[in-house]
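One structure below.
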Amino acid sequence: MTDLHTTYANAPDPASPLDIHPVTGTIGAEIRGVQLSGDLPAATVAAIEAALVRHKVIFFRDQQHLTDQEHEDFAALLGDPVAHPTVPVADGSQYLLELDSKEGYAASSWHTDVTFVDAYPKASILRALTIPKAGGDTLWANGETAYEGLPETLRQLVNTLWATHTNLYDYAALLQGSTDDDKAKDRIAQHKNVFASTVYETEHPVVRVHPVSGQRSLLLGHFVKQFVGLNGADSARLFAILQEHITKPENVVRWRWRAGDVAIWDNQATQHRAVADFGLQRRTLRRATIAGEVPVAIDGRRSRTVRKERAAQYEPA
């Protein structure tokens, strides 16, 4: 008899005690029957961590019982929660970052969280509070299947390639929303003054070795400024080729949010993107992040921060 668990890459582990339902054939799974809290048994936490490494992003419906404190307590079971390096935490919380569309805009661009620092988070835990009636989905892309799918010539190139990541980038190109020029300029300046209040630049390998599974994945996203050793024009062309490969539909899962949903993703092997198709509807989520390790390249070299300095304040033009 054919073992159905070997017929596609994202199949659940038959030994897992969790009720796991893959969303696509390459990435993403919904886990049913678990009420998240800071009191979960160690065996359940270990099974969740194993499912996260295997499926890259896991989803839990109907977690409306979670408060900010319980969100943080659960996050602490997966590691050491850390605040964002530049953006203030949500009111009343220790570590949570609030993602709120109250001004009618959203950052909609593929990225891996906080790669402008060296030891960027290993995982993120996102909880949905207010969700649009239509739109506002999130996409995740699998960097491991993207690497495995590269033609051999490209794979040999990226195996030795490094890239500089920074939080100082073209904010106007990423923030979408109001078409009012004055409001848009004010919003972009305000966002830049907070997000890039301290400017970071960090060199990461384009191919990262996962610290748990040992699998190789492509590390790119919108924080990439330039490839080390290439000029800006050549970097842009190569980045477009590789980024398009990572985010092709075969590597991507799309999640339709409901209030109370929780998504956890392996930030060491994925990129994600919020879809800014919900106009002026309210969309509010809160995110906890778990401290990660400095990435290791195939040759054993580790990422390094090359710039960290306070930035000047920006005024609208």
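The values are calculated or read from the model by the stated rules, or taken from the named source; none is laboratory data. Keep in mind that what you see is a predicted model, and the values were worked out from it rather than measured. Here the Cβ is made from the backbone with ideal geometry for all residues, glycine too, and neighbour counts use every protein chain on show. Heads up: the accessible areas ignore ligands, DNA and RNA and are worked out on the full protein's heavy atoms, side chains in. Shrake-Rupley method; radii C 1.70, N 1.55, O 1.52, S 1.80 Å.
Here is how the numbers come out for the structure above:
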quantity	calculated
Residue satisfying condition, being farther than 14 Å from R287 by Cβ, at pLDDT below 95 and hydrophobic (A, V, I, L, M, F, W, C), within set F116, F59	F116
In segment 198-234, the residues that are open to solvent by less than 20 Å² (accessible area, probe 1.4 Å) and outside any strand (DSSP E or B)	V206, H210, L219, L220, G221, F223
Some residue of segment 179-193 being assigned to a strand (DSSP E or B) and either at pLDDT 85 or above or crowded, with 19+ Cβ neighbours inside 10 Å (or both)	no
Among the candidates H165, H84, residue that is in contact with a Leu (Cβ under 9 Å, 6 or more places away or on another chain), within 28 Å of S217 (Cα to Cα) and open to solvent by 20 Å² or more (accessible area, probe 1.4 Å)	H84
Some residue of segment 308-315 being in contact (Cβ under 8 Å) with a residue 24 or more places away in the chain, of a type in the set (D, E) and surrounded by 15 or more Cβ atoms within 10 Å (Cβ to Cβ)	no
Which listed residue, of D13, D62, D73, D39, is loosely packed, with under 14 Cβ neighbours inside 10 Å and more than 23 Å from R256 (Cβ to Cβ)	D39
Selection status of V212, among the aliphatic types (A, V, I, L, M), modelled with pLDDT under 95 and closer than 26 Å to L36 by Cβ	no
Scan of segment 31-63 for residues that are in contact (Cβ under 8 Å) with a residue 12 or more places away in the chain, out of contact with any Gly (no Cβ under 8 Å at 6 or more places or on another chain) and part of a helix (DSSP H, G or I), ordered by number	A43, T44, V45, A47, I48, E49, A50, A51, L52, V53, R54
